[in-house]
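The values are calculated or read from the model by the stated rules, or taken from the named source; none is laboratory data. Just so you know, these numbers come straight off a predicted model, no measurement behind them. All Cβ positions, even for glycine, are placed from backbone atoms using ideal geometry, and neighbour counts span all protein chains on display.
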Amino acid sequence: MKSDKEKVKWCLKQKKGIRIDEPNPTLSKEYLKKARSSLNMLGAAIEKEEEEWAATIAYYARYYAVYALFEKCGIISEIHDCTIAAFSYLFADEGIVPSSLHDELIGSKESRIDAQYYVKDELDKTRLCKDAEKARAFVLAIEEVLDRIDEDTIEKIRSRLKRS
């Protein structure tokens, strides 16, 4: 299995992979709005017992929050696996976010894939409700990082990516 650093190197070579751009605080705020909107829809999906949609929405709430962080740092990634690898390599490995958030994002993506592509008689509603709560905590944790990340840290992140 490739390390996250190896994945990031591969992603930097892909047309829609990872690239460095100017930091964009405005887009960062917009992606955070999308994350919050997803959390609102997540509650509705669970209430209406739309478990398959709940898994999808829970993943995207997390993904949009991560992408808000990327935009604040001037990182663009159009391939989900690249975004996830870069999140680990640039943020978790550097102690900016707990590695548990990276693990949670991976698990959420796997749940979304299972719900969307593999028909099951019934998804575990209790597990999905717990995951919804974890999604809220995930977005909140990323919001806290967005609030405290400074220009020096952003430059360190960008430099690490450039050296990859």
With criteria (1) at pLDDT below 95; (2) surrounded by fewer than 19 Cβ atoms within 10 Å (Cβ to Cβ), Ile96 comes up short on (1)
If I ask for residues that are outside any loop (DSSP other than H, G, I, E, B) and more than 26 Å from Asp150 (Cα to Cα), which ones from segment 8-36 would you list?
Trp10, Lys13
In segment 39-52, what residues are assigned to a helix (DSSP H, G or I) and without any contact (Cβ under 8 Å) to a residue 40 or more places away in the chain?
Asn40, Met41, Ala44, Ala45, Glu47
I'd like to know if segment 143-159 contains one or more residues that are of a type in the set (Ser, Thr, Tyr) and exposed (fewer than 12 other Cβ atoms within 10 Å of the Cβ).
yes
If I filter segment 117-138 down to residues being hydroxyl-bearing (Ser, Thr, Tyr) and either assigned to a helix (DSSP H, G or I) or buried (at least 16 other Cβ atoms within 10 Å of the Cβ) (or both), which single residue comes out as modelled with the lowest pLDDT?
Thr126
Hits in segment 84-116 - residues which are closer than 16 Å to Arg158 by Cβ and either of a type in the set (A, V, I, L, M, F, W, C) or assigned to a helix (DSSP H, G or I) (or both)
Ala86, Phe87, Tyr89, Leu90, Phe91, Ile96
Might you check whether a residue that is surrounded by fewer than 21 Cβ atoms within 10 Å (Cβ to Cβ) and more than 25 Å from Glu133 (Cβ to Cβ) occurs anywhere in segment 64-74?
yes
Can you tell me how many residues within segment 67-80 are assigned to a helix (DSSP H, G or I) and more than 13 Å from Leu27 (Cβ to Cβ)?
1
Just checking, which of Glu49, Glu22 is among the acidic types (Asp, Glu) and on the phi < 0 side of the Ramachandran plot?
Glu22
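Residue check: is Ala141 assigned to a helix (DSSP H, G or I), closer than 16 Å to Leu69 by Cα and in contact with a strand residue (DSSP E or B) (Cβ under 9 Å, 6 or more places away or on another chain)?
Against the criterion (assigned to a helix (DSSP H, G or I), closer than 16 Å to Leu69 by Cα and in contact with a strand residue (DSSP E or B) (Cβ under 9 Å, 6 or more places away or on another chain)), Ala141 does not qualify.
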